[in-house]
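Accompanying notes for the structure given below.
The values are calculated or read from the model by the stated rules, or taken from the named source; none is laboratory data. All of these numbers come straight from a predicted model, not from anything done at the bench. Cβ sites come from the backbone with ideal geometry, for glycine too, and all protein chains shown count toward neighbours.
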Amino acid sequence: MDKAAFYKLLKEKIVILDGATGTELQKRGMPKGACPEQWILENPHAILETQKAYKEAGADIVYAPTFGANRWKLKSFGLEDKVEEINIKLVQLSREAVGSDTLIAGNLSPTGEFIKPFGERAFEEAVDIYKEQVQALVDGGVDLFVIETMIDIQETRAALLAVKESTDLPVMVSMTFGEDEKTLTGTDPITAAITLEALGADAIGCNCSTGPKDMIPILKKIKSVAGVPVFVKPNAGLPVMKDGELFYDLGAEEFANFADEFVEIGINLIGGCCGTTPEYISFLKEKTKAITPKLWRESKICALTSVRKTVVMGENMPLVIVGERINPTGKKMLQQELLEGKLSEVRRLALEQQQKGASILDVNVGMPGIDEKKVMVDVVENLSTLSELPLCIDSSSSDVIEAALRIYPGRALINSISGEEKKLKKLLPIAAKYGAMFIALPLDDKEVPSTAEGRIKIIEKILEEAKKVGYGTQDMVVDGLVMTVSSDQKASLETLKVIEYAAKQLKTSSILGLSNISFGLPERQWLNSAFLMMAMAKGLNMAIANPSSENLMELKMAGDVLIGRDANCKNYIDYFAQSKPTSQSTNKQPKEENTSTKIYEAVLKGEKEDIEAYIQQALDEGMKPFSIVDELLIPAINKVGELYDKKEYFLPQLILSAEAMKTGFNYLEPLLLKEDSGRKKTKIIIATVKGDIHDIGKNIVGLMLKNYGFEVIDLGKDVPKEEILKQVKEQNVPIVGLSALMTTTMGEMGVVIDAAKKEGLKTKFMVGGAVVTKEFANEIGANGYAEDAIEAVRLAQTLEQ
Amino acid sequence: MDSTVRYFESIWIEPPMGRILYRLGYKKTKTKLDEHQREQIEKLIWEGVSHCHPKGAFLILPITDRTKDSVTIGKHLVESKSLTELLKNSEAVALMASTIGDEIIHAIEDEIKKENSVKAVIFDSTASQMADKTVAWVMDFINKSLQKEAKALTSMRFSPGYGDLDLKYQKIFFEELKLEKLGISLTETYMMTPEKSVTAICGVENRVRREDE
Ligand code: B12
């Protein structure tokens, strides 16, 4: 059967699929825990009866019982070398059961393994596992394929690619969504539908997990985006355990009653999953046989996906910002990391841009000295589980783009395809195979046209070629091509004409790499902003830019409102409700304060940047260093302590204030020493005891002690008692702070204290840590216990005296 | 569900902002934080998240024996009243583990060295909550997978080191889940490295139907 024949059938009638197979086999004696495929081959009557019954009930398509007949699944029964034989025989049995006038779908289902990036198995390995099964099913004589009960989008992509790369038979793809309307690994129905349709699924659906009622909202979502037929195989309601037996709570007739609603939504194929029987299918058939099916929309929508998010572009949609910062050009730090094979800067940039409001992340890792393909694949894998934003694959190499598209678990955007011969011949078919959207760059082998006319010609050529490989206008994004206005004052106008053409004539999306416009001129942000507004007015709906530029994001929000892309101004209001600070901080400024208040406030607010200048000002005004400490810094930090005790401040604020205080104190220190050499810092050793590796608590205590003027000697974590005592003696330290996190390690604190006493040391010990209590501290003979860092400082101050 | 260990190499976890702040002492009704500070802190949290690599593993094992205050899980005898109570309706358990890797640990150490203490404590809190949420994710994954069999995990989870479940039982997790595969190891004092790692156990019960279903 070819795709045309498949679609012809769907236009004639509601196509009925079969119901559950597993439960039918169990009724006919299949024991729990058996390998179904093997059992069927040993007991062929069971499947023959079952499938004959489904055919008689009215099924137009039955699924070959090859659900678990892939190498990884069969391996658990020691049958991994029989993949070919088992699949061929199972299809032959199905054929024997239903004859040649009922269609047989080769059934591919989860392998039971988890695929990268989410799991540990390589993507290509999974593709090969499915390919092996697909080939055998083709050899067995299936009419089409169904990939069903899928829980992970990446594994589904592997199965779909395996079919597409092996045969032209139609392929239906169905995922399982839970009560939260997501697959087990977090993909929603819209995102799944767009991703799978782009990769070539001929029909999309959902099966298993819930009954027909709960599937309706899911199906509506799929229908809202799908450009292919949609199908459904619900369970017979919800599973219930009764007397150790599993059964489903919805009867055959009730089940079939949902058919009306399915048809109404526009579903073209209906069957049943767990708990359904031939009776259910015959009711379904009865209900739907006189109905003319609705047709489906035959074009894709302009949208990109990641594993868990869809970004839709369109005339009335807000301007989409493509974050430009993952690009090593001109970024030393990023270059260095990429050379070393590290990705932490890439990861940081990804999340920062996401937080700042980018909707898509451009990924460019092209630079000398690295294996671009390998790095690109690494980055794409990393980002697809780190960020929820869809990616824009940006490279001049077709190979790099292909490698990235292959493993990217969503629908990506390609940056870019120009009118150059080699791009059209090589990259365009690759892009089409993976169903990616692409940016059409209006230049070719001959020129970079300076006029809109020249550019439009190239765009038309790219579109014509794209249509030959199956693309439509919604799959393309036109790049207006931004040239610097300082070298050609007409450059901006020509670009705007291209944008207008894309929006009004072609009705495609368009994009600009904004910042080029202002190259070579001062105060570039004004040109960039003005240009963005003009382009938006012409219909621009995407921009490659740095979302950390607040100026730009604010303009975008305003622009969306003014050209009707922000219904009820909602995004605008939300955006500015969140970022009140601009208006607040301007309110604050005019207030004149005297120098003392400034110093006090700087500590209170934790603003260490300015405190030195304020202190110098106070000194210039004649204030004594001691007075600054005693009358300003200390009262301020005490106030902070109070606020912290009342929980009006939390830890980061406490630390910020303490640091401001320390900065001030350090600035004054040389003067204080001059005034009074009597003020000497008390030494304190701190350590996390042997066997314990938790040191953030100890570090915070150390930090606060330092900020309050102690000289802290931090010995680190997992410190043996010998080391602690050695340091106490050598440096003549009066106070030691010990930290331990767990019951298994806190005993060591007692050991240290005992050893110190044995040696006759006079050092005082204070202890703390998550499980440490006052009682425990007393028990081991410590001189004090503190619950947190502020208490620790107070304790140290008492012990000091 | 079968009885092989399942590993998740890379899990997407949305940072639990509220819990991260709460761990740092933030109290919704009391703490006063201006928008500028909040923005700074959120930025640091996201930076912390970029250093986290959430991974997980789980295994379903049968309960093979039980007394008043002990259960035997597979071949391991575990003496704990509270665990025995938790598992009273279960015939099997799920052993789970999560980690977010050591990159964040090094990042925290670096920030401490550079005396960027605010960043260090925010990273630390972010890391703790990400590790915790990762094991919750694993639990959720198992729960959804069990739905088909009309089963569910106990809503409570338990961990060695809590209550009367001794830390020595960490060994069971390491033996059964082969946690070195996720890069986790156990010290002699039963501490896990990387530090931001969690082990947990739940019972597998028959799903009780809710009234409204
Ligand atoms: C966050 C947290 C986690 C996080 C991070 C853990 C980590 N090590 O970084 C995660 C989720 C990963 C985790 C895991 C586990 N945790 Co945990 N965890 C906590 C929790 C809630 C807070 C710990 C923390 O980081 N606090 C923040 C830091 C800054 O505070 P701190 O270290 O306590 O330091 C402060 C004070 O103690 C004091 N202080 C500290 N040192 C010193 C020293 C001196 C001299 C003084 C004066 C004061 C002082 O001042 C510090 C600053 O305020 C505690 C419970 C609690 N409320 O304390 C449980 C707790 C520590 N965890 C516990 C357990 C059991 C575990 C696990 C074993 C569970 C499991 N089976 O997976 C694992 C072990 C992890 C490992 N690496 O082995 C138990 C330990 C019980 C025990 N038997 O020892 C606790 C106590 C919870 C409980 N109530 O039972 N955990």
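Take residues that are touching a Cys at 6+ places or on another chain (Cβ under 8 Å) and tell me which of the strands (runs of 3 or more DSSP E) falling wholly in region A:97-181 contain 1 or more.
A:144-150, A:171-175
Quick one: A:THR484 ticks every box in (1) part of a loop (DSSP other than H, G, I, E, B); (2) buried (at least 20 other Cβ atoms within 10 Å of the Cβ) bar one, so which box is it?
Every condition holds for A:THR484 apart from (2).
Against the definition (away from the ligand (no atom under 13 Å from the Cβ), of a type in the set (A, V, I, L, M, F, W, C) and over 26 Å from B:ILE112 (Cα atoms)), how does A:LEU761 come out, yes or no?
yes
What are the residue pairs meeting all of these: first residue in region A:622-646, first residue under 14 Å from A:ILE599 (Cα atoms) and assigned by TED's automatic domain parsing to the domain that holds A:LYS598, second residue modelled with pLDDT of 90 or more and outside any helix (DSSP H, G or I), Cβ atoms under 7 Å, and 6 or more apart or on different chains?
A:VAL640/A:TYR649
Of all residues in region A:545-557, which are modelled with pLDDT of 90 or more and more than 24 Å from A:ASP479 (Cβ to Cβ)?
Once the filter is applied, which keeps residues that are modelled with pLDDT of 90 or more and more than 24 Å from A:ASP479 (Cβ to Cβ), region A:545-557 yields only A:GLU554.
For region A:728-753, which residues satisfy the criterion of being surrounded by fewer than 18 Cβ atoms within 10 Å (Cβ to Cβ) and either in a helix (DSSP H, G or I) or not assigned by TED's automatic domain parsing to the domain that holds A:ASP714 (or both)?
A:LYS729, A:GLU730, A:GLN731, A:THR743, A:GLY747, A:VAL751
Which residue is nearest to the other protein chains (Cβ to nearest Cβ), if the candidates are limited to region B:178-197 and must be of a type in the set (A, V, I, L, M) and within 12 Å of the ligand (Cβ to nearest atom)?
Step by step, filter region B:178-197, then rank; the result is B:MET191.
Which of the residues that make up region A:1-50 are assigned to a helix (DSSP H, G or I), over 42 Å from the mean Cα position of the chain (by Cα) and among the polar types (S, T, N, Q)?
A:THR50
Restricting the first residue to region B:152-168 and requiring it to be of a type in the set (Phe, Trp, Tyr), which pairs with a second residue that is near the ligand (Cβ under 10 Å from one of its atoms) and outside any loop (DSSP other than H, G, I, E, B) meet a Cβ separation below 6 Å and a spacing of at least six or different chains?
Hits for this filter: B:PHE158/B:ILE201.
Within region A:433-451, count every residue that is hydrophobic (A, V, I, L, M, F, W, C) and surrounded by fewer than 21 Cβ atoms within 10 Å (Cβ to Cβ).
Number of matching residues: 2.
Considering each of A:ALA756, A:ALA777 in turn, give the residue that is in contact with a strand residue (DSSP E or B) (Cβ under 8 Å, 6 or more places away or on another chain), among the small types (Gly, Ala, Ser) and within 16 Å of A:LEU799 (Cα to Cα).
Testing whether each residue is in contact with a strand residue (DSSP E or B) (Cβ under 8 Å, 6 or more places away or on another chain), among the small types (Gly, Ala, Ser) and within 16 Å of A:LEU799 (Cα to Cα) leaves just A:ALA777.
Criterion first (surrounded by fewer than 22 Cβ atoms within 10 Å (Cβ to Cβ), polar (S, T, N, Q) and in contact with a strand residue (DSSP E or B) (Cβ under 7 Å, 6 or more places away or on another chain)) does B:THR67 satisfy it?
No.
Does A:GLU787 satisfy the criteria of being part of a loop (DSSP other than H, G, I, E, B), closer than 26 Å to A:LEU643 by Cβ, among the charged types (D, E, K, R) and within 50 Å of the chain's Cα centre (by Cα)?
Yes: the conditions hold for A:GLU787.
For region A:671-694, which positions are assigned to a loop (DSSP other than H, G, I, E, B) and within 13 Å of the ligand (Cβ to nearest atom)?
A:GLY691, A:ASP692, A:ILE693, A:HIS694
Looking only at region B:202-213, decide whether some residue is near the ligand (Cβ under 10 Å from one of its atoms) and more than 9 Å from chain A (Cβ to nearest Cβ).
Within region B:202-213 (the criterion being near the ligand (Cβ under 10 Å from one of its atoms) and more than 9 Å from chain A (Cβ to nearest Cβ)), the answer is no, since none of the residues qualifies.
Does B:GLU79 fit the bill of being of a type outside the set (S, T, N, Q) and facing chain A (nearest Cβ under 7 Å)?
no
Which of the numbered conditions does A:ALA792 fail, given that it passes all the others? Conditions: (1) touching a Phe, Trp or Tyr at 6+ places or on another chain (Cβ under 8 Å); (2) within 13 Å of the ligand (Cβ to nearest atom).
Going through (1) touching a Phe, Trp or Tyr at 6+ places or on another chain (Cβ under 8 Å); (2) within 13 Å of the ligand (Cβ to nearest atom) one by one, A:ALA792 breaks only (1).
May I ask you to say which residue of A:ALA756, A:ALA789 is away from chain B (no Cβ under 14 Å) and surrounded by 13 or more Cβ atoms within 10 Å (Cβ to Cβ)?
Answer to the check: A:ALA756.
For the list (1) part of a helix (DSSP H, G or I); (2) within 11 Å of the ligand (Cβ to nearest atom), I need the number of the one condition that B:TYR162 fails.
Against the list (1) part of a helix (DSSP H, G or I); (2) within 11 Å of the ligand (Cβ to nearest atom), B:TYR162 comes up short only on (1).
Among A:LEU703, A:LEU715, which is the only one that is within 37 Å of the chain's Cα centre (by Cα) and either more than 10 Å from chain B (Cβ to nearest Cβ) or within 12 Å of the ligand (Cβ to nearest atom) (or both)?
A:LEU703
Looking at region B:83-94, can you tell me whether even one residue there is closer than 24 Å to B:GLY163 by Cβ, modelled with pLDDT under 95 and of a type in the set (Asp, Glu)?
Within region B:83-94, one or more residues are closer than 24 Å to B:GLY163 by Cβ, modelled with pLDDT under 95 and of a type in the set (Asp, Glu).
Specify the residue that is nearest to the chain's Cα centre (by Cα); the eligible residues are those in region A:647-670 that are in contact (Cβ under 8 Å) with a residue 40 or more places away in the chain and within 12 Å of the ligand (Cβ to nearest atom).
A:LEU651
Out of everything in region B:148-175 that is buried (at least 19 other Cβ atoms within 10 Å of the Cβ) and either β-branched (Val, Ile, Thr) or more than 14 Å from chain A (Cβ to nearest Cβ) (or both), what residue ends up being nearest to A:MET150 (Cα to Cα)?
B:LEU153
How about region A:695-715: which of its residues are assigned to a loop (DSSP other than H, G, I, E, B) and either hydrophobic (A, V, I, L, M, F, W, C) or at pLDDT 95 or above (or both)?
A:PHE710, A:LEU715
Do you know which residues across region A:496-526 are buried (at least 22 other Cβ atoms within 10 Å of the Cβ) and either aromatic (Phe, Trp, Tyr) or over 34 Å from the mean Cα position of the chain (by Cα) (or both)?
A:TYR501
If you take the residues of region B:120-141 that are surrounded by fewer than 22 Cβ atoms within 10 Å (Cβ to Cβ) and more than 10 Å from the ligand (Cβ to nearest atom), which of them is nearest to the other protein chains (Cβ to nearest Cβ)?
Ranking the qualifying residues of region B:120-141, first place goes to B:PHE141.
In region A:764-789, what residues are within 8 Å of the ligand (Cβ to nearest atom) and among the acidic types (Asp, Glu)?
Of everything in region A:764-789, those that are within 8 Å of the ligand (Cβ to nearest atom) and among the acidic types (Asp, Glu) turn out to be A:GLU787, A:ASP788.
Filter region A:687-700 down to the residues that are out of contact with any helix residue (DSSP H, G or I) (no Cβ under 6 Å at 6 or more places or on another chain) and at the interface with chain B (Cβ under 9 Å from one of its Cβ atoms) and list them by number.
The answer is A:ILE693, A:HIS694, A:ASP695.
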